[in-house]
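A short reminder: the numbers here are calculations on the coordinates, not readings from a lab. Quick caveat, the model's predicted, so the values are computed rather than measured. For neighbour counting, all protein chains shown are included, and Cβ atoms are generated from backbone atoms with ideal geometry for every residue, glycine included.
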Amino acid sequence: MNVILAIDLGTTGNRVIAFSENGTVVSKSYYEFPQIFPQPGWVEHDPFDIWNTVKRALTDVAAAVGPENIAAIGITNQRETTILWDKSTGKPVYNAIVWQCRRTASQCDRLREHAGFIKQRTGLFLDPYFSATKIKWILDHVEGARQKAENGQIIFGTVDTWVLWNLTGGAAHATEPSNASRTLCFNIHTLRFDDDLLRIFDIPETLLPEVKESGADFGHTAKKLLGREIPITGILGDQQAAFFAHGGWQEGVIKNTYGTGLFVVTSTGDQIPNSGKLVNTIAWSIDGKVTYALEGSVFIGGAAIQWLRDGLKIIQSAGESEPLAVSLPDNEGVYFVPALAGLGAPYWDPSARGTFLGITRGTGPAHFARAALEAIAYQSKDVIEEMRVVTRGDAFRKLAVDGGAAQNNFLMQFQADILPMTVERPVVTETTAFGAAGLAGITSGFWTREQFLEARKVDRVFTPEMDDQTRGAYYSRWKEAVERALRWAG
């Protein structure tokens, strides 16, 4: 039986999944790796921990399905995380600086005069989240690193590039546009690393990987790894891979991942619409055609429920939030703005703070649980409304969902009601891995696009049931609550 393998490179662990032709998970393996916190706000990974866990998971799955039955491999990854290594020895010059790391905030502040130019060229906000200032930090703080980089001895990659380099035994130093477009160095108009941007960030061009199409021949696994060479035919950043898994190339599809945060993505085709509140990024590049996307990131999604459990301790598990919410006929005027780390898209206010409103003597755990779930849906609507404004249309026809909180039926129904829009939840919950497998499978001829869509099974569809007047009243009250939370710590 032929299978497609997906290597899913996460922030806390790595998994490898084998998918059959009908989209069934045949085998999977997962290993966590340590998180390193050298200082408050700093987050690192040991690059060898990343690679060794990949190798273990890959060996597990290959042993289960047989290396001879693996048609191709796709890779999806945590984006923006930055690794520099010696191309002769394969040894990293420093730990991976993770996308969450805030150590370069002051560096970004010093470059603030370039923010508009950077947004125009890259589609991104000038923020420590992205790779460029991480690269510069390593070059400036590791003795000899800059000189070696300028001499071509040291190379850079996001996690996809690091793992690809190791998979191929050092034969491939490459990435693709969905990852390159998250570095702050890549011009999304010319589809090249940009000389002006490299000058701003003081980064030598010699460091940078080759940028191939997302669906392309990235080489083969080294024979000693699995006993035979296996083609690697697709790479996508995690949010783009999830979007691909939902058939995001079809018109009118929006994807929302309900994880710790919320990641909302929609395609803008070959257009790059101007947005001061959302990120312009590249969804993928396939068959000579680039597809652009808008992305809105919300900082606190499922983390709001985790906070009820671990902070307030009013629930013992995330699953308790659903029956509590359903126990109320409505929210009884209680709203929660979960600005526990400021507010992301579309507000971008780091001084906003978490706020509960409408509390009375009769307020109890059910109100808090319902308010937290509703807040996830309201924040998603905020981003989608901004997407409607930016794209100047109302062609969105369905919201495709994934992530842990997408299993909460109350939340999904309320999301459909408040948008209003059909919400579609697939059977396969490992959506990022399925997207990477899909791209690799389509590129290698394992699937056609139509066959891949047929392999995507829908678990449940939620359709709007709330009347317009109730919906309007709920949402306008939410907007009032947000206004109270903004600028609180300013």
So which helices of the chain fit the span-like rule, where a helix is a whole DSSP H run, its Cα atoms reach 24 Å or more along the axis, and its mean Kyte-Doolittle is at least -1.0? 47-65, 365-391
For the stretch 1-70, which semi-axes, largest first and in whole Å, follow from the square roots of 5 times the eigenvalues of its Cα gyration tensor? 29, 11, 7
With N set to the number of residues, divide the alpha-carbon radius of gyration of the stretch 3-237 by 2.2 N^0.38 Å and report two decimals. 1.01
Which number do you get for Rg(Cα) / (2.2 N^0.38 Å) in the stretch 345-423? 1.26
What list of ³J(HN,Hα) values in whole Hz, one per residue of the stretch 252-265 in order, does the Karplus curve 6.51 cos²θ - 1.76 cosθ + 1.60 (θ = phi - 60°) give from phi, with Gly and Pro shown as x? x, 9, 10, 10, 10, 9, 9, x, 4, x, 10, 10, 9, 9
Cα-centre dipole for the chain with unit charges at Cβ (Lys and Arg positive, Asp and Glu negative), debye to 20: 560
Dipole magnitude of the stretch 247-490 about its Cα centre, charges +1 at Lys/Arg Cβ and -1 at Asp/Glu Cβ only, in debye to the nearest 20? 380
Based solely on its DSSP helices, what 222 nm [θ] is calculated for the chain when runs of n ≥ 4 H residues each add -39,500 (n - 2.57) and the sum is averaged over all residues, nearest 500 deg cm²/dmol? -10500 deg cm²/dmol
Scaled by the rule-of-thumb 2.2 N^0.38 Å, the alpha carbon Rg for the stretch 247-490 gives a ratio of 1.03
Multiply the residue gap between Glu320 and Arg228 by 0.36 nm, knock off their C-alpha separation, and tell me the result in nm, one decimal place. 28.3 nm
Size of the stretch 22-157 as Cα extents on the principal axes (Å, biggest first): 54, 34, 30
Which of the following values of log10 I(q)/I(0) by the Debye sum over Cα atoms at q = 0.08, 0.12 Å⁻¹ was calculated from the structure shown: (1) -0.47, -1.09; (2) -0.56, -1.15; (3) -0.57, -1.02? (1)
For the stretch 326-396, run through the trypsin sites (Lys or Arg not before Pro) and keep only the ones in DSSP coil with at most 15 other Cβ atoms within 10 Å of their Cβ. Arg361, Arg392
Can you give the extra length, in nm with one decimal, that the chain gains between Arg484 and Met466 once fully stretched, where that is 0.36 nm per residue apart less the Cα-Cα distance? 3.9 nm
